[in-house]
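For reference, the structure discussed in these notes is given below.
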Amino acid sequence: MSSSTNAAHPPREQWQSQIGFILAAVGSAIGLGNIWRFPGVAYTNGGGAFLIPYLVALLTAGVVYLLFDWALGHRFRGSAPAIFRRVNPRFEALGWFQVGLCFAIITYYAVIVAWSVRYMGYSLTRAWGDDPAGFFTGDFLHLLSSSDAHLTGDVVGAIAWPLVLVWVFVTVIMALGVAGGLERMNKVFLPLLVVMFIGMVVRAVTLPGAVAGLNSFFTPKWSALADPHVWIQAYAQIFFSLSVMFGIMITYASYLPRRANLAPTGFVVAFANSSFELLAGIGVFSTLGYMAQRQGVGVGEVEGISGPILSFVTFPQVISMMPGGQVFGFLFFASLFLAGITSLVSLLQVVSAAVQEKFGISRRVGSIAVGIVAGTMSVLLYSTSNGLNMLDVVDNFVNNIGIVGSAVATVVLVAFVARRLPELHEHISQHSAKPIGAWWRIFAGYITPLVLAAMLVLTMIDLVRNGYGDYPGWFTTVFGWGSLALILVASIGLSIVPWRTRVDHFEPIDLGFTPDAELDDLEASR
Amino acid sequence: MTPLALAMLVFSLVLVWGGLAVAIINLRKNPMPYSDEL
């Protein structure tokens, strides 16, 4: 590809098969959050009763915004900044904001994948001994206490070298391209993940005490349904889990051929992601039931039921107790690795595609450049003894404010400022086996954005009033609010830089349909 | 398992995994030629 100014469009890469696209989209959606977030969120928000708001959120937000993203990506066929620029030239910064969120996430997401690699090995020897918590925070991470968090440059070698290997691996996958790298990797890794995870769950449900764990997980607390917080948690879970509204699904859909089948494929991807989450809930709570029985306590008294502590402290405790725990542990951490790496490459593709198109550089050069920059930041920031503290703060702010804010901004700009919702609706209908009803437009444009806006406002009020965790105020200001401010400023800056490809020489697929905004322009010109 | 927990387990499996099965059947019943043309 030419690197000269205004280089012509190279032929756009393309998924080689519908199953390849489905596996890549499912691989992106199924990530660490499916395994370590969903079970804990469901349990603490009504148990079995949580499934009702969860399913409502799946249909009214998950499927709806998956199709919204796919319609944007498939119709405007480019990286996130190119797509938003094609919707309206003033919106390019929103695309870069989504790229920035993905960049921030990949720098720490890769670290957790690297931890999983180390723990696959550790579980074979139960290297944590009798104290998995002390091993994880002390021997492994050399972690500073959250109240004592400060800037430090002491890289921990045990984390750094597997992290470098992870970055080399994902950079090679990216450089091999959409069909040769991402599609091929997902065709191997996703079935492998499902088989390994099912093996782990089968072992978990046959453990003594598993029934008590499942009783705790599925027994409904009906009063939770009257709590708005529970409904917001259900929408948040679906939203974060499906990887919607921050560039990934837009970018993936831009590699579909023209004659794609969007709506039926969207339902498959959304339900596949939730099916895996439910499986994870069964596996995790069966395991916690076993642990509770061995400790002689109730399942509700077991601590560390979500997040990194569930995976790297609680599960190692169970692995130590269990006969044949080494195999169980290996399957668990291998599953974490596979779920993490398939999501990591999807995040990286958002950044790599944007850089390639903006600066007119080849796929290989773009992938290597992004891999080196992001990998270096990842090692320098997150493999230090302060890594977990920074990861925790950045993750909270980027997800709960950055991604939700990006979603609200996307709906407001695309649906209300550019008035493209009818056009996207028509695009989905014309690129699906059957047209989709008006329900899609009602939920995409009106009802679900209100829930997302409520989530955003409540989270911001809580963070401003109470801060986050035990961290010093300056620490959350610098790494939480500061990260978001940096992404915002960089987004605006990048949107001003001239394109080195012909981004504006683009015609979307003719729908035989005139969007409302264009009708208004015609009316005004008469 | 308690009857209530078991009922919720079955309800969840039927809706989520059943939903996946229906979605896959629907995709297979409504195939659209996957074209390489651009």
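Full extension of the chain between residue A:481 and residue A:127 yields a length gain of 123.7 nm, computed as 0.36 nm times the residue separation minus the alpha carbon distance. Within the range A:161-295, the proportion of C-alpha pairs whose separation exceeds 24 Å stands at 52%.
Oblate is the label for the range A:258-397, because the ratio a/c of its alpha-carbon gyration tensor axes (a ≥ b ≥ c) is 1.5 or higher and a/b is not greater than b/c. For the range A:254-331, rounded, prolate or oblate, judged on the Cα gyration tensor with a ≥ b ≥ c (square roots of eigenvalues), a/c < 1.5 rounded, else prolate if a/b > b/c? It comes out prolate by the Cα gyration axes. The angle separating the long axis of helix A:325-359 from the principal Cα axis of greatest extent in chain A is about 20 degrees. Between the alpha-carbon centers of the range A:78-106 and the range A:292-308, tell me the distance in whole angstrom. So the separation of the two Cα centres works out to 42 Å. Based on C-alpha pairs under 8 angstrom that are at least 6 apart in sequence, the range A:248-342 has a relative contact order of 14 percent. Annotation note: GluC sites (Glu not before Pro) in the range A:266-315 located in DSSP loop regions with a Cβ neighbour count of at most 13 within 10 Å are A:303. You can think of it this way: the chain between residue A:502 and residue A:154 has 120.8 nm of extra reach, that is 0.36 nm per residue less the Cα-Cα gap. Helix A:448-466 and the longest principal axis of the Cα set of chain A meet at an angle near 50°.
Mean silhouette area of the range A:349-422, derived from the convex hull of its C-alpha atoms and averaged over all directions, reads 6.7 nm². For chain A, the longest principal axis of the C-alpha atoms and the axis of helix A:482-496 are separated by about 20°. Oblate is the label for the range A:76-194, because a/c, from the alpha-carbon gyration tensor with a ≥ b ≥ c as root eigenvalues, is 1.5 or above and a/b does not exceed b/c.
With both labels modelled 7 Å from their Cα along Cα-to-Cβ, the residue B:7 to residue A:17 distance reads 4.4 nm. Within the protein assembly as shown, the percentage of alpha carbon pairs spaced more than 45 angstrom apart rounds to 12%.
Scanning residues 5 or more positions from residue A:384 or on other chains, those with amide H under 5 Å from its amide H are A:156, with H placed 1.01 Å from N in the peptide plane. When you restrict to C-alpha pairs under 8 Å that are six or more residues apart and normalise by the size of chain A, the relative contact order lands at 34 percent. Spatially, the range A:22-47 and the range A:462-504 are offset by 26 Å when compared through their Cα centroids. Phi-derived couplings, Karplus 6.51 cos²θ - 1.76 cosθ + 1.60 at θ = phi - 60°, listed residue by residue for the range A:13-29: 4, 8, 4, 8, 7, 5, 5, x, 5, 4, 5, 5, 5, 5, x, 5, 5 Hz, with x used for Gly and Pro. With R₀ fixed at 30 Å, the C-beta to C-beta distance from residue A:188 to residue B:21 puts the FRET efficiency at about 0.80. The distance between label points at residue A:229 and residue A:161 comes to 4.6 nm (points 7 Å beyond Cα on the Cα→Cβ vector).
Taking each residue as 0.36 nm, the span from residue A:492 to residue A:434 lengthens on full extension beyond its C-alpha to C-alpha distance by 16.9 nm. Counts of other chain beta carbons within 10 angstrom of each beta carbon in peptide A:250-262 average 2.
Buried area at the B:A interface is about 2900 square angstrom, summed over both chains, from accessible surfaces computed with a 1.4 angstrom probe.
Taking every residue in A:269-282 and counting other chain Cβ atoms within 10 Å of its Cβ, the average works out to 4.
For the range A:380-453, the convex hull drawn through the C-alpha positions has a volume of 132 cubic angstrom per residue. The value of relative contact order for the range A:377-526, using C-alpha pairs under 8 Å at least six residues apart, is 35 percent.
Counting only the Cα atoms, the range A:322-467 fills a convex hull of 243 Å³ per residue.
The values are calculated or read from the model by the stated rules, or taken from the named source; none is laboratory data. Keep in mind that what you see is a predicted model, and the values were worked out from it rather than measured. All Cβ positions, glycine included, derive from the backbone under ideal geometry; neighbour counts span all protein chains shown. The accessibility values were calculated without ligands, DNA or RNA, using every heavy atom of the protein model including side chains. Shrake-Rupley method; radii C 1.70, N 1.55, O 1.52, S 1.80 Å.
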